[in-house]
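I have placed the structure first, in the form of structure tokens, so that the comments after it can refer back to it.
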Amino acid sequence: MPIAAKWSLSVACLLVGLALATYLLRIDLAGDQHFLPKCTLKSVSGLYCPGCGNTRAAQALLRGRIGDALHQNVVFVIALPFFLLWLARTWMNWVFPGKWKPILPCKNFRWKYGYSLTLVILLVAFSILRNVPVKPFSWMAPVPLEPRQTESEAGLKAT
């Protein structure tokens with residue numbers, strides 16, 4: 001694929017990402033006036049899946065509220081920088097093949113099966129523990145959002 005096509009596709013993906021981030025910033029996630037789907041596992045069983053709270057955490061991060069994001073889904077907040085680093089490295093290798101040097105000082109680093117297994121075990125443990133209704137485990141469950149008040153509603157309550 002020619003470099004111009006790669007850059008065009010990259011800019012298009014970036015614009016779509018910015019549009020989605022803008023949409024996420026503007027909507028009220030506590031209301032029902034958005035097209036985002038509800039969690040199927042939560043709807044059917046009442047249990048939180050490992051992804052419950054990701055959208056609310058992303059919205060909180062976009063608004064600069066890191067503490068609120070951690071209350072929604074701590075695993076998402078911790079994993080996000082690593083995902084973004086992987087995404088940037090993958091993009092660099094795609095656009096500039098063979099010109100990207102490793103960031104890590106150890107050039108012989110290889111991802112091993114045990115690393116993946118450890119991550120899966122940690123994610124399953126997180127999924128189970130966040131559904132235990134006893135502190136400190138209940139702190140891992142996402143916090144329900146309260147609907148935003150419009151200016152007219154806030155004015156009615158003040159009078």
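Worth pointing out:
- Criterion (outside any loop (DSSP other than H, G, I, E, B) and either out of contact with any strand residue (DSSP E or B) (no Cβ under 6 Å at 6 or more places or on another chain) or within 23 Å of F126 (Cα to Cα) (or both)) met by exactly one of L70, L47, L29, L36: L70
- Within region 22-53, considering residues that are more than 15 Å from P144 (Cα to Cα) and aromatic (F, W, Y), the one surrounded by the most Cβ atoms within 10 Å (Cβ to Cβ): Y23
- Boolean, A5 is assigned to a helix (DSSP H, G or I) and under 24 Å from S127 (Cβ atoms): no
- If you check A79, A21, A60, A12 for being in a helix (DSSP H, G or I), among the small types (G, A, S), over 30 Å from W139 (Cβ atoms) and modelled with pLDDT of 90 or more, only one passes: A12.
- Scanning region 54-92 for residues that are crowded, with 16+ Cβ neighbours inside 10 Å and either in contact with a Cys (Cβ under 9 Å, 6 or more places away or on another chain) or among the aliphatic types (A, V, I, L, M) (or both) yields A57, A58, A60, L61, A69, L70, Q72, N73, V74, V75, V77, L80.
- The single condition among (1) touching a residue at least 24 places away in the same chain (Cβ under 8 Å); (2) closer than 20 Å to L145 by Cα that G67 does not meet is (1).
The values are calculated or read from the model by the stated rules, or taken from the named source; none is laboratory data. As the structure is a computational prediction, the values presented were derived from the model and not from experiment. In this analysis, Cβ positions are derived from the backbone assuming ideal geometry, glycine residues included, and neighbour counts consider all displayed protein chains.
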